[in-house]
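J.: Right, I'll just put the structure down here and ask away after.
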Ligand code: TRP
């Protein structure tokens, strides 16, 4: 079965690729924003609990199903559990298309902001240039949205096309250290700012009474998104893993890196925001606000050496997004390669074209085209962009995740899972029984809670 399947060349390569998938716009764009809206401290604590109790066990489950079967999600679910589970993998492939459709649009914005920052750094910044109105005008310029998404999709496809170790692994090895480096630089600069103490207090001191109930569910939903769980991404990446490369250690490393980056990014952003009086009241009502409206202005008005850090910051966001879009696209691509016998080239071209078509619809739904911007399938979610985001985060990922926990915890035998998790690479302190308990009881109940909450009208997008 292992015939000509591609593999990661080393465990570090796998960890960096998987961390690259996990670390993305979810960490830099969504997490700071929901932390803000849920009043900080207590929310962060609950989020950490969700990551460890729900995220980590499911991460291990996905990777082990992938490594055991050496197949992409459709074939993996079929081989690991049975014929009538293949649809879970199929749902994952569709989720990949849906998420990429809007993710690529936001990813494309980083390119524009990078160039904008260069021109501000060299040409001088005039206060007010990055206002909400300017942002609104930018997103409703149709050709610009399409062009940026096309460029980003082009980068993504060229890497997928180069293959697993020569494409995905290589780019992750190059980009992740740069990303960590830029983040450390930003962190040092942020910690010298006068808002830093307030920021740290806001993030790390739990004030239980201030946590809204919906924040608990939001933390759980975000744990899925940020760790790239629920659609087989980690299954595909696990399918390129060799025996002898540890599932337990790698999962822990990926989860730890993802969490560290999300928190560091939040500390940086809040230190900046808290350093300017009155900014806290103004944080945009949209998720986009903080990253693309509030921050550019602050970089040029309050941050020391902001002219240098601002362009670097958007490079960081762009790189983080790129290693994530790659992982999203690899799911359907690997399906066509494994199940339909297509070449990587053909699969990449086809999936890229489908994703790009969706991105066009999303890109034009932010004001450029009134019909696309006006579609309202889910109450309060207007436009194709918001609709796809809602569909994926609230329905597809939780449902996929739920069935993955059932597959790993109930449908597979304990021998089958034990044999993957417990080998000579597993740390001594790791208890198989504990994992089994979490995957059978804790994770499914938690995920079912999200689904019930969604059905009763709550929103996680
Ligand atoms: N985890 C990435 C982020 O935080 C996004 C992502 C990549 C993703 N692959 C995924 C989300 C698969 C859900 C499922 O930005």
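J.: Go through the stretch 174-206 and count every residue that is loosely packed, with under 15 Cβ neighbours inside 10 Å, more than 18 Å from residue 299 (Cα to Cα) and under 21 Å from the mean Cα position of the chain (by Cα).
T.: Looking only at that region, the number is 4.
J.: Out of all the residues in the stretch 56-72, which are surrounded by fewer than 24 Cβ atoms within 10 Å (Cβ to Cβ) and outside any helix (DSSP H, G or I)?
T.: Once the filter is applied, which keeps residues that are surrounded by fewer than 24 Cβ atoms within 10 Å (Cβ to Cβ) and outside any helix (DSSP H, G or I), the stretch 56-72 yields only 70.
J.: Kindly indicate which of 294, 264, 348, 343 is modelled with pLDDT of 90 or more and either buried (at least 19 other Cβ atoms within 10 Å of the Cβ) or touching a strand residue (DSSP E or B) at 6+ places or on another chain (Cβ under 9 Å) (or both).
T.: Being modelled with pLDDT of 90 or more and either buried (at least 19 other Cβ atoms within 10 Å of the Cβ) or touching a strand residue (DSSP E or B) at 6+ places or on another chain (Cβ under 9 Å) (or both) holds for just one of 294, 264, 348, 343, which is 348.
J.: Among the numbered criteria (1) more than 16 Å from the ligand (Cβ to nearest atom); (2) surrounded by 19 or more Cβ atoms within 10 Å (Cβ to Cβ), which one does residue 49 miss?
T.: Checking residue 49 against (1) more than 16 Å from the ligand (Cβ to nearest atom); (2) surrounded by 19 or more Cβ atoms within 10 Å (Cβ to Cβ), the one that fails is (2).
J.: Further, regarding this structure: Please indicate, with yes or no, whether at least one residue in the stretch 324-342 is out of contact with any helix residue (DSSP H, G or I) (no Cβ under 9 Å at 6 or more places or on another chain) and either more than 16 Å from the ligand (Cβ to nearest atom) or assigned to a helix (DSSP H, G or I) (or both).
T.: Yes.
J.: Right, another one. Grab the helices (runs of 4 or more DSSP H) fully contained in the stretch 139-257, keeping just those with 3 or more residues being modelled with pLDDT of 90 or more and away from the ligand (no atom under 16 Å from the Cβ).
T.: 142-162, 170-191, 196-204
J.: Sticking with this one: Among the listed residues 142, 75, which satisfies the condition of being surrounded by fewer than 21 Cβ atoms within 10 Å (Cβ to Cβ) and farther than 29 Å from residue 362 by Cβ?
T.: None of the others qualify; the one that does is 75.
J.: Only one of 451, 439 is in a helix (DSSP H, G or I), modelled with pLDDT of 90 or more and surrounded by 14 or more Cβ atoms within 10 Å (Cβ to Cβ). Can you tell me which?
T.: 439
J.: Sticking with this one: Can you pull out the residues in the stretch 78-97 that are part of a helix (DSSP H, G or I) and more than 16 Å from the ligand (Cβ to nearest atom)?
T.: Selection gives 78, 79, 80, 83, 84, 85, 86, 87.
J.: Given the residues 361, 366, which is the only one that is modelled with pLDDT of 95 or more and away from the ligand (no atom under 16 Å from the Cβ)?
T.: Residue meeting the stated conditions: 361.
J.: Inside the stretch 80-99, can you point out the residues that are surrounded by fewer than 17 Cβ atoms within 10 Å (Cβ to Cβ) and within 13 Å of residue 411 (Cβ to Cβ)?
T.: Once the filter is applied, which keeps residues that are surrounded by fewer than 17 Cβ atoms within 10 Å (Cβ to Cβ) and within 13 Å of residue 411 (Cβ to Cβ), the stretch 80-99 yields 82, 83, 84.
J.: Same structure, new question: Report, by residue number, each residue of the stretch 1-13 that is crowded, with 20+ Cβ neighbours inside 10 Å and not in a helix (DSSP H, G or I).
T.: 8
J.: Could I ask something else about it? Only one of these conditions is not met by residue 270: (1) surrounded by fewer than 24 Cβ atoms within 10 Å (Cβ to Cβ); (2) at pLDDT below 95; (3) part of a helix (DSSP H, G or I). Which number is it?
T.: (1)
J.: Could you tell me which of the residues 100, 16 is under 16 Å from the mean Cα position of the chain (by Cα), closer than 18 Å to residue 247 by Cβ and either within 16 Å of the ligand (Cβ to nearest atom) or not in a helix (DSSP H, G or I) (or both)?
T.: The unique qualifying residue is 16.
J.: Quick one: in the stretch 25-43, of everything that is crowded, with 21+ Cβ neighbours inside 10 Å and more than 16 Å from the ligand (Cβ to nearest atom), which residue is modelled with the highest pLDDT?
T.: It comes out as 43.
The values are calculated or read from the model by the stated rules, or taken from the named source; none is laboratory data. Everything numeric here is computed off the predicted structure, so don't read it as measured data. Quick reminder, even Gly has a Cβ in these numbers, built from the backbone with ideal geometry, and neighbours come from all protein chains shown.
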